[in-house]
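Have a look at the structure below before the remarks.
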Amino acid sequence: MRKRKRSHLIWTAAFLLVTQAACDAKTGDVREWTPSDHDQPARPGAQVSARPAGEGFDPGLVDLAWQRNCFTCHGARGRGDGPQGPMVRAPDLTDPAWQGRVTDAQIAETIRKGRNQMPAFDLPDQVIEGLVQRVRASRAP
Ligand code: HEC
């Protein structure tokens, strides 16, 4: 008799624990989305261009695009000092003389179509525009 009552209590407790856990899992899912949710470490193979341009554009994508597509040759700031920079002779994009000669449209065109050792990049317009701004912001004094 006593034994039976105890096992009933245990089952009730177990049931409460399970439903409690289920509730926790649910409320954990409905937090608000923030841009930082996208700032995950770069995963090899993830496609920057997979996301359509326009809807909810995330500026973090520009950094991601630079890291993934440009860094190997142009380096972190664009000085041409990435791991492959010397091999392909990547130019110094911070050079004020070059920056003064080139237009935003020409920079965008080079990114889209490539040039000599530099491959073409099929990226959404807003990412290309962001990359152009990034190159501009790196201009040396
Ligand atoms: C495989 C190496 C490589 C990668 C990757 C690369 N570039 Fe280049 N880039 C070069 C080389 C080499 C040149 C010089 C091309 C030439 O004029 O002969 C260049 C030139 C440029 C220029 C200057 C063009 C001009 O007007 O003289 C810009 C701007 C540029 N790259 C931006 C980018 C951006 C942005 C990315 C990433 C989306 C990128 N590059 C990826 C190698 C690379």
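Please go through the range 60-79 and give me each residue that is open to solvent by less than 20 Å² (accessible area, probe 1.4 Å) and more than 8 Å from the ligand (Cβ to nearest atom), ordered by number.
Of everything in the range 60-79, those that are open to solvent by less than 20 Å² (accessible area, probe 1.4 Å) and more than 8 Å from the ligand (Cβ to nearest atom) turn out to be VAL62, GLY75.
I'm trying to understand the selection: among the residues of the range 101-121, which are among the small types (Gly, Ala, Ser) and open to solvent by less than 30 Å² (accessible area, probe 1.4 Å)?
First, the residues of the range 101-121 that are among the small types (Gly, Ala, Ser): 105, 108, 114, 120.
Of everything in the range 101-121, those that are among the small types (Gly, Ala, Ser) and open to solvent by less than 30 Å² (accessible area, probe 1.4 Å) turn out to be ALA108, GLY114.
Where residues in the range 84-100 are within 8 Å of the ligand (Cβ to nearest atom) and either of a type in the set (Phe, Trp, Tyr) or assigned to a helix (DSSP H, G or I) (or both), which of them is surrounded by the fewest Cβ atoms within 10 Å (Cβ to Cβ)?
The first filter runs over the range 84-100 and keeps only residues within 8 Å of the ligand (Cβ to nearest atom), leaving 84-85, 88-91, 93, 98.
This time we only want the ones that are either of a type in the set (Phe, Trp, Tyr) or assigned to a helix (DSSP H, G or I) (or both), so: 85, 88, 98.
Details: GLY85: 18, VAL88: 15, TRP98: 13.
Filtering first and then ranking leaves TRP98.
Tell me, which residue of the range 101-140 that is more than 10 Å from the ligand (Cβ to nearest atom) and among the aliphatic types (A, V, I, L, M) is farthest from the chain's Cα centre (by Cα)?
Step by step, filter the range 101-140, then rank; the result is ALA140.
Would you check which residues across the range 104-124 are touching a Ser or Thr at 6+ places or on another chain (Cβ under 8 Å) and over 20 Å from MET87 (Cα atoms) and list them?
ASP122, LEU123, PRO124
The values are calculated or read from the model by the stated rules, or taken from the named source; none is laboratory data. Here the structure is a predicted model, which means the values were calculated and not measured. Please note: Cβ atoms are built from the backbone with ideal geometry, for glycine as well, and neighbour counts cover all protein chains shown. When the accessible area is computed, the model is the full protein with side chains, heavy atoms only, and any ligands, DNA or RNA have been set aside. Shrake-Rupley method; radii C 1.70, N 1.55, O 1.52, S 1.80 Å.
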